[in-house]
Amino acid sequence: MLTSGQKNVLDFIQSEQRHKGLTPSTREIQQHFGFASQTSVMQYIGALERKGLLERHARKARGLVTSVHKTKVIDIPIYGEIPAGMATLVEQNIEGHVALDLGSVSASRSNHTFALRVRGDSMIDAHILDGDVVILEDRQTAENGDIVAALIDGETTLKRYVMERSRPYLKAENPRFPNLIPARELRIQGVMVSLVRKQPSSRRKR
């Protein structure tokens with residue numbers, strides 16, 4: 001997964017390579033984005049290296065990094081919050097986007113992928129926290145143990161899908177929350193394939 005800042009830096013490097021045939025220097029990246037120092041540039045480069053999107057070539061006279069064209073980064077729409085209720089998946093309900101490298105998740109290239117923002121702590125033991133963004137594949141079926149966005153008796157929630165004795169139910173990953181057994185309806189709306197966590201920003205002391 002990429003933050004918006006990482007995606008912007010990667011897009012700039014690739015654009016310069018395509019149009020000028022040269023990888024921009026760290027100083028040029030700094031000047032383009034108005035960073036206070038080259039330290040910020042190196043932090044972005046380091047993050048993109050760790051994610052396999054850039055390679056460092058220390059002996060090159062110009063350009064410390066070169067792009068690795070093995071991945072496809074796309075913008076995935078965020079359709080509101082869960083479990084507060086998932087809006088109908090239409091364009092006017094998109095509240096933002098998250099940039100994601102499809103090669104880093106198990107999502108099918110043929111299925112629609114979307115995102116929801118998590119609200120609540122019913123899935124903390126699965127390391128899904130309040131404020132996280134979950135990436136889901138638009139599917140109406142799930143395997144036993146999948147984490148799903150599901151409509152259960154008119155309410156949408158994010159839980160683990162469990163099939164026991166041929167009867168499905170939803171399991172929370174927090175002992176304070178009970179299992180949800182459908183009285184009338186249990187309909188899968190999406191299967192989780194990845195998660196994005198927003199890192200808290202550190203404020204500089206003045």
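The values are calculated or read from the model by the stated rules, or taken from the named source; none is laboratory data. Computed from a predicted model, the values in this text were never measured in an experiment. Here the Cβ positions follow ideal geometry from the backbone for every residue, glycine too, while neighbour counts run over all protein chains shown.
Selection of strands (runs of 3 or more DSSP E) fully inside region 137-193 by the criterion of at least 3 residues being farther than 24 Å from Y79 by Cβ returns 155-164.
The set of residues in region 136-194 being among the aromatic types (F, W, Y) and in contact with a strand residue (DSSP E or B) (Cβ under 8 Å, 6 or more places away or on another chain) consists of Y161, Y169.
Considered as a group, the residues in region 150-159 that are crowded, with 21+ Cβ neighbours inside 10 Å and in contact with a Lys or Arg (Cβ under 7 Å, 6 or more places away or on another chain) include one that is nearest to P178 (Cα to Cα), and that residue is K159. Being within 21 Å of Y161 (Cβ to Cβ), modelled with pLDDT of 70 or more and surrounded by 15 or more Cβ atoms within 10 Å (Cβ to Cβ), is that true of even one residue in region 82-104? Yes. Can you tell me which residue in region 29-81 is modelled with the lowest pLDDT, limited to those that are part of a strand (DSSP E or B) and aliphatic (A, V, I, L, M)? The residue in question is V65.
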